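The values are calculated or read from the model by the stated rules, or taken from the named source; none is laboratory data. Treat the numbers as computed from the prediction; the structure is a model and nothing was measured. For neighbour counting, all protein chains shown are included, and Cβ atoms are generated from backbone atoms with ideal geometry for every residue, glycine included.
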Amino acid sequence: MLQDIRDKSQGIVVKVIIGVVIVTFALFGVEALVQSFTSTDTVAEVDGKEITRTQLLQTAETQRRQLISMMGGQIDPAMLEENALQRRALDELIQRAVMTNQAEALNLGVSDAQVDAYLLQAEQFQTNGQFDQNKYLNFIRSLGFTPLAFKERIKQDVLIQQARNAVAGTEFVLPSQVDAIVTLQNQKRSYDYIRFSLADKAESVSVTDEELQAYYDDNQASFISPEQVKLDYVTISVADLEDSVSVTDAELQDAYQARVANFGGEEREASHILIDTSSRSDSDAQALVEEIKGKLDAGESFADLAAQYSDDLGSKENGGDLGYVARGIMVEPFEDTLFAMNEGDIADVETEFGYHIIKLNQIHETEAPSIDELRDELMVDLKAEKAKDQLFNEHENITDLAYASDRLDALANEYGVSVLTSDYFGRDGGVDEITSAPAVIAAAYSPLVLEDNQNSDLIELSDEQVVVIHLNDHQPSAPQSFEQAKEAITSIVVQQKALEELRAEAEQALASGNGDWTSVDMAERGQDEVTSLAFTLPHPQASEPVTAVEDAPNGDVVAFRLTAVEQGDEVVEDSQREIYQNYLSQTLSSMALGAQQSMVKNQAEIERN
């Protein structure tokens, strides 16, 4: 690592930088030098309030972490592209500045005490109903904030929300609006239709090479081999560090004590009969429990009654046998009853699953395993845990090594791992764990890696694995030849010809009235795919049906004759009416907030640099 730094320090760029530092120091003193490194560029101004590049980069990084956290492997890699992140971040900062200025103009304010109260009550920062400082600090660090910066962000959020709540609180919903929604929802329609299958038609369609060539000539810009990259990369995982960590006897003893601390020392062999209350009324369930207890009192076999009556499919065939039960396995009411019984007792209890009739067959005393019996298992767990902590501690060193060299060898040698090479992949990612990771894809196509040919920053694949990548090869996008594109062109042209023929057949069926028509009477909204299409058609006038040719989601073509529309009534259950009212209220509030924010933004003086 030090040799790499020495090698790089001999470059012409470094010498120029050193020269500038010396001249600046000689002419203007150290203060000017410090200011030159601590000043930040202004990327935008909102009503005279500056947005700095530092704020932009921090917001972009926060958005990146939030996107990865929320969407994981499902995220579109394009969303993590640096320019796209910074555009979204700048838009957010401008919008926040606009709304903050408006809130301040309205003389709204938020005290530190309000922010503290908000944070103390936030569920995501609580453990067992109490504020958890570690959980709070881990959360804000995951977003890239310091505690002070995060509190300032929350204060601004609460301030902005005050103005938003004021606007949203002015919206209300009239009963007539709910009635209109109910009427539309309860509308029914009668129609005739013929569905023409695209898949069937495509099988019978033929195309010539001349047609394919003509389509290629007209659409060459659509047939491009995508840009691709091949990467060299180094992964460092918890498993790579396990051999470098050690476990002390004290740590092993602590882990053992924690493992056996809750050891019950007793297991109870039990059977039960479950009477489910989800499929019958509570009174019926209680009556059935009494019936079973009566048969038990009369001497009938518990196992036979379990096989006959129990709703627990997992145990009824075995006479209700649950095996040995230790504390912490069953729900609390069941356990409390079971562990208060004596051998041979039968008792009943109600839980969230229904009523249980329990029989305690045997009490089995057990002893906690010795530390020698658990040693291997505990050592595996402790080493994995310590290696995970060690990996986190190594993040800074990995970052330094990646930055100090324009190759990956030093990093690989430091951690005793190999430099691996990926297959080629495009901007939509590859098929393996590394090249399909959104953060890796974004880094691979970033200017740092793709243009500057530098190592990437450390990329966290998970809590247990990180990777650093380097460009091996880059293949720019290029036009495809006709032969390369022929298969895709054939599929497109076949689909187009099939659709044209299907639409012609549908129009002919409507004009002639001939064909295998299916009639649907008083269909309800959304009952099936074809009905959903029928509900997009205008109302028929007088006695004339409305005719139309529509495309189904799978590409099929549907010919329609809409014959009647029956308006729905306004009768609906109160619970459903409340759902409609809440939906309308939320929709109107969102529209009002959007309009208000647009108005305030349009009135603001915004200058992007």
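Among the residues of the stretch 326-346, how many are of a type in the set (Asp, Glu) and in contact with a Ser or Thr (Cβ under 6 Å, 6 or more places away or on another chain)? Step through it out loud before you land on a result.
As a first pass, look at the stretch 326-346 and keep what is of a type in the set (Asp, Glu): 332, 335-336, 343, 345.
Cutting the leftovers down to in contact with a Ser or Thr (Cβ under 6 Å, 6 or more places away or on another chain) gives us none.
Residues that pass the stated criteria total 0.
What's the number of the only condition in (1) surrounded by 13 or more Cβ atoms within 10 Å (Cβ to Cβ); (2) at pLDDT 95 or above that residue 525 fails to meet?
Failed condition: (2).
Only one residue in 313, 360, 322 is in the same structural domain as residue 273 (by TED's automatic domain parsing) and surrounded by fewer than 16 Cβ atoms within 10 Å (Cβ to Cβ). Which one?
The conditions single out 313.
Consider the stretch 501-522. How many of its residues are within 42 Å of the chain's Cα centre (by Cα) and under 19 Å from residue 556 (Cβ atoms)?
Count: 3.
Give the residue, chosen from 113, 89, that is exposed (fewer than 15 other Cβ atoms within 10 Å of the Cβ), free of Cβ contacts under 8 Å to residues at least 40 places away in the same chain and either out of contact with any His (no Cβ under 7 Å at 6 or more places or on another chain) or under 15 Å from residue 163 (Cβ atoms) (or both).
The match here is 113.
Considering only the stretch 381-402, how many residues are surrounded by fewer than 17 Cβ atoms within 10 Å (Cβ to Cβ) and either of a type in the set (S, T, N, Q) or more than 18 Å from residue 465 (Cβ to Cβ) (or both)?
Final tally of qualifying residues: 6.
Are any residues in the stretch 289-310 farther than 12 Å from residue 271 by Cβ, buried (at least 16 other Cβ atoms within 10 Å of the Cβ) and of a type in the set (A, V, I, L, M, F, W, C), and if so, which ones?
Of everything in the stretch 289-310, those that are farther than 12 Å from residue 271 by Cβ, buried (at least 16 other Cβ atoms within 10 Å of the Cβ) and of a type in the set (A, V, I, L, M, F, W, C) turn out to be 289, 292.
I need a count of the residues in the stretch 539-567 that are part of a loop (DSSP other than H, G, I, E, B) and either touching a residue at least 12 places away in the same chain (Cβ under 8 Å) or of a type in the set (Asp, Glu) (or both). Reasoning before the result, please.
Step one: of the stretch 539-567, the residues part of a loop (DSSP other than H, G, I, E, B) are 539-545, 552-556, 567.
Add one more test, that the residue is either touching a residue at least 12 places away in the same chain (Cβ under 8 Å) or of a type in the set (Asp, Glu) (or both), and what stays is 539-540, 544-545, 552-556, 567.
Result for the stretch 539-567: 10.
Yes/no per residue for (1) part of a helix (DSSP H, G or I); (2) at pLDDT 70 or above; (3) farther than 30 Å from residue 440 by Cα; (4) not assigned by TED's automatic domain parsing to the domain that holds residue 444:
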position: 21; (1), (2), (3), (4): yes, no, yes, yes
position: 35; (1), (2), (3), (4): yes, no, yes, yes
position: 60; (1), (2), (3), (4): yes, yes, no, yes
position: 73; (1), (2), (3), (4): yes, no, no, yes
position: 79; (1), (2), (3), (4): yes, yes, no, yes
position: 86; (1), (2), (3), (4): yes, yes, no, yes
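Quick check: anything in the stretch 388-406 of a type in the set (Ser, Thr, Tyr), part of a helix (DSSP H, G or I) and either assigned by TED's automatic domain parsing to the domain that holds residue 332 or farther than 30 Å from residue 273 by Cβ (or both)?
Yes; the residues of the stretch 388-406 include at least one that is of a type in the set (Ser, Thr, Tyr), part of a helix (DSSP H, G or I) and either assigned by TED's automatic domain parsing to the domain that holds residue 332 or farther than 30 Å from residue 273 by Cβ (or both).
Quick check on residue 235: is it outside the structural domain of residue 501 (by TED's automatic domain parsing) and hydroxyl-bearing (Ser, Thr, Tyr)?
Answer is yes for this residue.
Restrict the check to the stretch 225-232 and report whether at least one residue is in the same structural domain as residue 416 (by TED's automatic domain parsing) and farther than 30 Å from residue 489 by Cβ.
Yes, that holds for at least one residue.
Does residue 238 satisfy being modelled with pLDDT of 90 or more, of a type in the set (A, V, I, L, M, F, W, C), surrounded by 13 or more Cβ atoms within 10 Å (Cβ to Cβ) and within 30 Å of residue 412 (Cα to Cα)?
Yes, satisfied.
Out of 578, 570, 607, I need the residue that is in a loop (DSSP other than H, G, I, E, B) and not aliphatic (A, V, I, L, M). Which one?
Result: 570 is the single residue among 578, 570, 607 that is in a loop (DSSP other than H, G, I, E, B) and not aliphatic (A, V, I, L, M).
Within the stretch 412-445, which residues are among the aliphatic types (A, V, I, L, M), assigned to a loop (DSSP other than H, G, I, E, B) and more than 27 Å from the chain's Cα centre (by Cα)?
Result: 417, 419.
Being charged (D, E, K, R), out of contact with any strand residue (DSSP E or B) (no Cβ under 9 Å at 6 or more places or on another chain) and touching a residue at least 40 places away in the same chain (Cβ under 8 Å) narrows it down to one residue among 423, 389, 381; which is it?
381
Which count do you get for residues in the stretch 458-474 that are modelled with pLDDT of 95 or more and surrounded by fewer than 16 Cβ atoms within 10 Å (Cβ to Cβ)?
Residues that pass the stated criteria total 2.
Residues being closer than 23 Å to residue 521 by Cβ and either in contact with a Pro (Cβ under 8 Å, 6 or more places away or on another chain) or not hydrophobic (A, V, I, L, M, F, W, C) (or both): count how many of those fall in the stretch 567-582.
Residues in the stretch 567-582 being closer than 23 Å to residue 521 by Cβ and either in contact with a Pro (Cβ under 8 Å, 6 or more places away or on another chain) or not hydrophobic (A, V, I, L, M, F, W, C) (or both): 4 in total.
Confirm whether residue 421 is surrounded by fewer than 19 Cβ atoms within 10 Å (Cβ to Cβ) and either over 30 Å from residue 319 (Cβ atoms) or assigned by TED's automatic domain parsing to the domain that holds residue 231 (or both). Explain how you work it out, then say what you get.
Values: surrounded by fewer than 19 Cβ atoms within 10 Å (Cβ to Cβ): yes; either over 30 Å from residue 319 (Cβ atoms) or assigned by TED's automatic domain parsing to the domain that holds residue 231 (or both): yes.
The answer is yes for residue 421.
Please list, ordered by residue number, the helices (runs of 4 or more DSSP H) wholly in the stretch 108-175 having 1 or more residues that are closer than 21 Å to residue 63 by Cβ.
Where helices (runs of 4 or more DSSP H) fall fully within the stretch 108-175 and carry at least 1 residues being closer than 21 Å to residue 63 by Cβ, they are 133-142, 147-168.
Any residue that is over 28 Å from the mean Cα position of the chain (by Cα), assigned to a loop (DSSP other than H, G, I, E, B) and either within 30 Å of residue 477 (Cα to Cα) or β-branched (Val, Ile, Thr) (or both) - is there at least one of those in the stretch 366-381?
Yes, that holds for at least one residue.
Can we say residue 135 is at pLDDT 90 or above, in contact with a strand residue (DSSP E or B) (Cβ under 7 Å, 6 or more places away or on another chain) and charged (D, E, K, R)?
Answer is no for this residue.
Can residue 452 be described as exposed (fewer than 13 other Cβ atoms within 10 Å of the Cβ), modelled with pLDDT under 95 and more than 15 Å from residue 229 (Cα to Cα)?
no
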